[in-house]
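The values are calculated or read from the model by the stated rules, or taken from the named source; none is laboratory data. Everything numeric in this text was worked out from a predicted model, so none of it was measured. Don't worry about glycine lacking a Cβ; one is built from the backbone with ideal geometry, like all the others, and counts go over all protein chains shown. All accessible areas refer to the heavy atoms of the entire protein, side chains included, with ligands and DNA or RNA removed. Shrake-Rupley method; radii C 1.70, N 1.55, O 1.52, S 1.80 Å.
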Amino acid sequence: MEHTQQALAAYLSDLSLWEDAHKALSEQLQAGMLQLPRLPYQEFRKRAPEADATWLFGLWLARNVRDNMHCDTDLSDRLTQVQRLLVNLLAQPEPAAAVFDRRWFDAWDNFFFHWQSWYPGLGTAADKFLVRCDETLQQLTPDNLEQSLQAIEAFNHRAGRDLDRAARLAARIRDTELGQRKVQQARMQVKDALNEWMAGSSLPDEVFSYINHSIAPALQYYLINDKRDDWELWTDLMQTLCRFFEPNKTDEARAEFERAAPRFGARLGATKPPVNCESQEYHQFVHNVVDGVDRLIAGKGLETSIAPPMFGKKTAPRIRTHRRDQDEHNLSCGDWLLFSGTTEGDLRCQYLLQSPVSDELIFVNRLGHKVAQMSVGNYLDALDNRQVQPLAQQKVYSTAMNKAWARLVHCHSEARVKWEMHEKMARQRQAQQERERQERERAIAARKLADKAARQKAMADELARLQALKLEREAAEAQARQVLLAKRTEVAEADIAALTPGVLADIVLADNVRERCSLGMIIPSTGKYIFYDQYQRKLKEWRRAELLQQILDGNIEFYDAEPGFESRLEKIVFGQKRS
């Protein structure tokens, strides 16, 4: 089967989730729903709106078992008990592992098969069957699946042994029917063979009598029991013997007869007597044959008679008493049928064979006893009148599970469509509510935006006024800076013009480090101003415009140094020189 534990659990879980139904089903509701003519999903929900979907699947399975069963009415109460067991079995927390086990399917299928073949007319065997059924049902419990399975398998084992014994009895009936036909065919074949061999032969009376009363039955025995070697041996001996006693032989045939006669006599004497023949009588038969052959070779007279044709007892031709006896009955060995309206009540039996002797159909029950024999025409009439009904050749439990599974899949598909439609409509309602909320928020935002626009306009006007004041102030400041720059430039130009070599200056170098230096020289032709540090190393060199920009940027500052202390050495040296 294609069903799986996971798929079953998923389908049942979905149905319970979509319906928000997870409760158990009461025994009263179970009994009522098992008796309903139909149990669609809507009816189940109407009667048990809060019951878990697992109960519905169990009810479907149990009802399908009942619908597939064609058992005797005496088993109805027991079948109801089995139905309730199956419903409660599927309601267990973890039933699927056992429900989908191959052993479980086979056990229930065989169990129900034995029930369908039982009927009260089986006598004491019927009573024993019911006792075993009751004992088995007492051991079935939803709480212990393994114990239940073992109880069913034990019942099936014992019932299977009964059917094995019945099959052996039925085989004997079949062999008997076929054996009668085989005996008739063997008798006819031996008669035809002897007529062919002995026709026209002049056999001694004693030889002819022995062949008819002793060898002919032995040949029938060889045919019936398939002893082909013995059959071929004695047919060859009989053909040779009859040729020897043919009258009016040609010269060539007589010469061959005289050459072969001694060897034939020795061969016949060395051969074991035919089956069921006395040795003394057989040896007398051999003596009579050899004596007759010797007389024929010696040309002496022999009391013989022409062997007349053999006419066996003719069997009465099969008389077709019904116009439909030539029709096809379409039965196969082992087919189960229900005969209604018999003196013993309903009769459940199997078709065994069509008798090769009478052409009648033979039926046996589950005990292997022949319970019905009728012509093909009578059977077909009973079938048309529904006095005979073929029992469905199907596995009851497996078929019930397949049907329940198909209904569950269909129900799940429909429920899924409804659930998806419900979810879609819920999403649409949610989307509509979201759109309405957004519209409300947009309206509020628009109102806020209008208020904000008014405030922003007022603020913009104020900002424009302030910006105008700022621009006016900045223009005034820029003008003031221009005036100040012009004045600074003028002062700087005056300072540059007043510069003379030796003027001290502080110059801003890298990293805002100020370096003290002095103006070393001014080159009028190039407009360069060269500055030296205190070690008289060239520090900077600028043209006039560059120097002006350095002064305006504040990177250089000039100042005059006061004279230092008088150098005594210079005074002494230069003073002495001067003096």
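In whole Å, what three semi-axes, largest first, describe the equivalent ellipsoid of region 180-236 built from its Cα gyration tensor (square root of 5 times each eigenvalue)?
Numbers: eigenvalues 83, 28, 21 Å².
So the equivalent ellipsoid measures 20, 12, 10 Å along its semi-axes.
Between residue 270 and residue 471, what length in nm is gained on full extension when 0.36 nm per residue of separation is reduced by their alpha carbon distance? Walk me through the numbers on the way to the answer.
Numbers: separation 201, 0.36 × 201 = 72.36 nm, distance 15.73 nm.
Gain in length upon complete extension: 56.6 nm.
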Residue span residue 66 to residue 428: 0.36 nm per residue of separation minus Cα-Cα distance leaves a gain in nm of 125.7 nm
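Quick one: which of 182/370; 128/370; 227/272; 128/403; 182/227; 23/46 span more than 23 angstrom between C-alpha atoms? Show your work: numbers first, answer last.
Values: 182/370 21 Å; 128/370 20 Å; 227/272 15 Å; 128/403 33 Å; 182/227 14 Å; 23/46 14 Å.
The answer is 128/403.
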Volume per residue (Å³) of the convex hull spanned by the alpha carbons of region 431-536 is 229
Filtered hits (aspartates and glutamates, Cα-Cα < 19 Å from residue 528, offset >= 8 within chain) -> 493, 495, 506, 541, 546, 553, 557
Taking every C-alpha to C-alpha distance in region 499-541 and binning by 5 Å from 0, the per-bin percentages run 6, 26, 29, 22, 12, 4, 1
In whole Hz, the Karplus estimates of ³J(HN,Hα) for region 289-294 (6.51, -1.76, 1.60; θ = phi - 60°; x where Gly or Pro) are 5, 5, 5, x, 5, 4
For the pair residue 489 and residue 447, the simple spin-label estimate (label points 7 Å beyond Cα toward Cβ) gives in nm 6.3
In nm, the gap between the two label points placed 7 Å beyond Cα toward Cβ at residue 42 and residue 462 is 7.2
Once Lys and Arg are counted +1 and Asp and Glu -1 for all other residues with Cβ under 15 Å from that of residue 229, the total becomes -1
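Relative to the compact globular guide of 2.2 N^0.38 Å, what is the alpha carbon radius of gyration of region 138-215, as a ratio?
Values: Rg = 28.8 Å, N = 78, 2.2 N^0.38 = 11.5 Å.
Ratio of Rg to 2.2 N^0.38 Å for region 138-215: 2.50.
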Any lysines whose Cα falls less than 27 Å from that of residue 457, other than same-chain ones fewer than 8 residues away, would be 448, 470
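Listed highest first by mean packing, meaning other Cβ atoms within 10 Å per residue, what order do 415-428, 281-294 come in? Numbers along the way, then the final one.
Numbers: 415-428: 11.5, 281-294: 17.1.
Highest to lowest by the protection proxy: 281-294, 415-428.
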Quick numbers on region 477-530, Rg and Dmax over C-alpha atoms in Å, give 14.4, 39
Counting only protein heavy atoms and leaving out ligands, DNA and RNA, the solvent-accessible surface of residue 522 at a 1.4 Å probe, in Å² to the nearest 10, equals 60
With a 1.4 angstrom probe the carbon and sulfur portion of accessible area for the chain, in percent, totals 50
When the charge dipole of the chain is computed with +1 at the Cβ of Lys and Arg and -1 at the Cβ of Asp and Glu, the Cα pointing farthest to the positive end, of 116, 421, 376, is that of 421
Computed over the chain: longest principal axis from alpha-carbon atoms vs helix 568-578 long axis, angle to nearest 10 degrees, is 50
Listed by chain and number, the residues whose amide H is under 5 Å from that of residue 39, excluding neighbours fewer than 5 places away on the same chain and using placed H, are none
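How many percent of DSSP beta bridges within the chain run antiparallel, rounded to 5?
Values: 38 of 39 bridges.
In the chain, DSSP labels about 95 percent of beta bridges as antiparallel.
For region 192-307, what is the accessible area per residue in Å² when the probe is 1.4 Å? Intermediate values should be presented prior to the final figure.
Details: 6520 Å² over 116 residues.
On a per-residue basis, region 192-307 sits at 56 Å².
Any idea of the accessible area per residue across region 13-55, 1.4 Å probe, to the nearest Å²?
Numbers: 2520 Å² over 43 residues.
Result: 59 Å² of accessible area for each residue.
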extent check for region 10-125: Cα max minus min per principal axis, descending, whole Å, gives 53, 30, 19
For residue 340 and residue 184, extending 7 Å from Cα along the Cα-Cβ vector and measuring point to point gives, in nm, a value of 3.5
The answer for region 367-519, accessible area per residue at 1.4 Å probe in Å², is 70
Expected unfolding gain across residue 27-residue 287 under the 0.36 nm per residue rule, minus the alpha-carbon gap, is 84.2 nm
For the chain, the charge dipole (Cβ of Lys, Arg +1; Cβ of Asp, Glu -1; about the Cα centre) points to a positive end, and the Cα of 104, 411, 210 closest to that extreme belongs to 411
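Is the chain rounded, prolate or oblate when judged by the Cα gyration tensor, a ≥ b ≥ c being the square roots of its eigenvalues, rounded requiring a/c under 1.5 and prolate requiring a/b larger than b/c? Mind dumping the intermediate values first?
On the way: a/c = 5.88, a/b = 2.86, b/c = 2.06.
It comes out prolate by the Cα gyration axes.
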Expressed in angstrom, Rg and Dmax over the Cα atoms of region 331-370 are 10.4, 29
If one compares the long axis through the Cα atoms of helix 396-497 with the longest principal axis of the Cα atoms of the chain, the angle in degrees, nearest 10, works out at 10
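Before rounding to the nearest 500, sum -39500 (n - 2.57) across all DSSP H runs of length at least 4 in the chain and divide by the residue total; then give [θ] at 222 nm in deg cm²/dmol. Walk me through the numbers on the way to the answer.
Details: 18 runs with 355 residues, N = 579.
Only helices count here, giving -21000 deg cm²/dmol.
From the alpha carbon gyration tensor of region 108-237, can you work out the equivalent ellipsoid semi-axes (sqrt of 5 times each eigenvalue) and give them in Å, largest to smallest? Provide the component values of the computation, followed by the final result.
Details: eigenvalues 717, 37, 19 Å².
Calculated on Cα positions only, the semi-axes equal 60, 14, 10 Å.
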Sorted by chain and number, the residues with a modelled amide H under 5 Å from that of residue 540, at a separation of 5 or more or across chains, are 531
In vacuo Debye sum over C-alpha of region 198-304, base-10 log of normalised intensity I(q)/I(0) at q = 0.10, 0.12, 0.15, 0.22 Å⁻¹, listed in q order, is -0.28, -0.40, -0.63, -1.28
